[in-house]
Amino acid sequence: EAIEKGGYEHFMIKEIFEQPRSIGDCLRGRLNANEGHLHLGGIQDYINKITNADRILIIACGTSWHAGLVAEYIFEEFCRIPVEVEYASEFRYRNPVVGEKDVVIAISQSGETADTLAAIELAKSKGATILGVCNVVGSSIPRATHAGSYTHAGPEIGVASTKAFTAQISVLAMMALMIAHKKGAIKESVYRNLLLELDAIPDKVAKCLDLNPQIEIISEKFKNATNFLYLGRGYNFPVALEGALKLKEISYIHAEGYPAAEMKHGPIALIDENMPVVFIATKDGSYEKIVSNIQEVKARKGQVIAVVTEGDTEIGSMADHIIEVPAAHEALMPLISVVPLQLLSYHIAVMRGCNVDQPRNLAKSVTVE
Ligand code: G6P
């Protein structure tokens, strides 16, 4: 086991640090940004069906469901196809409306999640086209789908998903761009720029990993907190959910993720000097809005930890702690902004003496209901 951990103390930290390589592996052979080439062979036979879909339904559980939420924003923005994201466990039991012109994308790291598999069978029985985005080659979900693309992140051992999440978003972004381009829904210049942006992600993730010592120091300050709030908007909203989930899973600290603007409809009541609030506030279309949300939290004496774009001075003057990450296209930002949150939850859990790779009550793959 020590050898498998490759010198790292836990699988989780090894897998977090593998991300520049795992994202690179996921893009390799599919993306050639300089030549404007993008091709996912696994969905080629269904490309017309997808471009003509009435609707895309994304089905998943846990962290994979969060990757689905990021994909919803990307698909709607660039493909102009309506998208719904569903928890597999809800979808399978609620008599959903599904038809032959629906395309279902099932996302699963393990490819064995029972609820996701059952949801696939239900959608298939109603005539939908089913695509899979899975990590484990030859697992049950890829075998149950019509087509799909593997994430090629390599084995993920830590129960809390890290590198599988970023690989899922990478594949889903490629899928969306391939479909948008085929459909003629995206301007050529925007498409070409996004391919270059995608190509640059592994190096930018590597830069985020350099923040590890700084994040360890911040973790020390918050390791005894009993609650955490994670807030983001737009593409960073699912990242807030994922950051909160990571912390809950491995450190057993209660954490909630929320869209920052929804704070005023409830969570703001929780804010006092003891409440750490993590803002994912990188420069994007909703930047000014999230700056006001930070001010609202500071006015109530909350402790603000903000993930910001490198060189941001505005938030630096308000937040208690800032974590600066490289700039990227906002649609791809989750691939970057999630990394410091993975590190934060890892360090806090280690400092609390938790079993980070095998947290209590959780399983890597949930093959029963
Ligand atoms: C379990 C795991 C999570 C995972 C979820 C969905 O809860 O602990 O890390 O996100 O299942 O699993 P899947 O393999 O379908 O992505």
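Just so you know, all these numbers are worked out from the coordinates, no wet-lab data involved. Keep in mind that what you see is a predicted model, and the values were worked out from it rather than measured. As a convention, Cβ positions derive from the backbone with ideal geometry for all residues, glycine included, and neighbour counts pool all protein chains shown.
Gln44 meets the conditions (1) away from the ligand (no atom under 16 Å from the Cβ); (2) buried (at least 16 other Cβ atoms within 10 Å of the Cβ); (3) assigned to a helix (DSSP H, G or I) in every case but one. The failed one is (2).
Residue pairs whose Cβ atoms lie under 6 Å apart, sitting 6 or more positions apart in sequence or on different chains, and linking a residue in region 156-170 that is in contact (Cβ under 8 Å) with a residue 12 or more places away in the chain to a partner that is in a helix (DSSP H, G or I) and polar (S, T, N, Q), are Ser161/Thr63; Thr162/Gln342; Lys163/Gln19; Lys163/Ser22; Phe165/Thr63; Thr166/Gln19; Ala167/Ser22. Within region 192-206, if we keep just the residues that are charged (D, E, K, R) and out of contact with any His (no Cβ under 7 Å at 6 or more places or on another chain), the residue that is nearest to Arg28 (Cα to Cα) turns out to be Asp199.
Assessment of region 23-34 against the conditions (outside any helix (DSSP H, G or I) and basic (Lys, Arg)) yields at least one matching residue.
Selection of region 274-288 for residues being in contact with a strand residue (DSSP E or B) (Cβ under 7 Å, 6 or more places away or on another chain) and more than 20 Å from Tyr235 (Cβ to Cβ) yields Met275, Pro276.
The condition of being in contact with a Gly (Cβ under 9 Å, 6 or more places away or on another chain) and not polar (S, T, N, Q) holds for only one of Leu344, Leu335, that being Leu344.
Within region 105-119, residues that are within 9 Å of the ligand (Cβ to nearest atom) have Cβ atoms under 7 Å from residues that are among the basic types (Lys, Arg) in these pairs: Ser110/Lys364; Asp115/Arg92, counting only partners at least 6 apart in sequence or on another chain. Here is the figure for region 203-237: residues that are within 17 Å of the chain's Cα centre (by Cα) and either under 24 Å from Asn361 (Cβ atoms) or in a strand (DSSP E or B) (or both) total 3. Output the residues belonging to region 310-369 that are within 22 Å of the chain's Cα centre (by Cα), away from the ligand (no atom under 16 Å from the Cβ) and surrounded by fewer than 14 Cβ atoms within 10 Å (Cβ to Cβ). Selection gives Glu310 alone.
Could you please find all residues in region 250-282 being closer than 16 Å to Gln295 by Cα, in a helix (DSSP H, G or I), within 22 Å of the chain's Cα centre (by Cα) and touching a residue at least 24 places away in the same chain (Cβ under 8 Å)? Selection gives Ala260, Ala261, Met263. Restricting attention to region 120-137, the residues that are within 15 Å of the ligand (Cβ to nearest atom) and buried (at least 22 other Cβ atoms within 10 Å of the Cβ) add up to 7. Scanning region 52-90 for residues that are farther than 17 Å from Ala153 by Cβ, small (Gly, Ala, Ser) and within 16 Å of the ligand (Cβ to nearest atom) gives Ala88, Ser89.
Within region 80-102, residues that are in contact (Cβ under 8 Å) with a residue 12 or more places away in the chain and more than 22 Å from Lys49 (Cα to Cα) reach partners that are surrounded by 13 or more Cβ atoms within 10 Å (Cβ to Cβ) and among the charged types (D, E, K, R) with beta carbons closer than 7 Å, at six or more positions or on different chains, in the pairs Ala88/Asp115; Ser89/Asp115; Arg92/Asp115. Summed over region 137-155, the residues that are among the β-branched types (Val, Ile, Thr) and over 22 Å from Leu122 (Cβ atoms) give a count of 2.
For Leu341, the requirement of being within 30 Å of Cys26 (Cα to Cα) and either of a type outside the set (D, E, K, R) or without any contact (Cβ under 8 Å) to a residue 24 or more places away in the chain (or both) is met.
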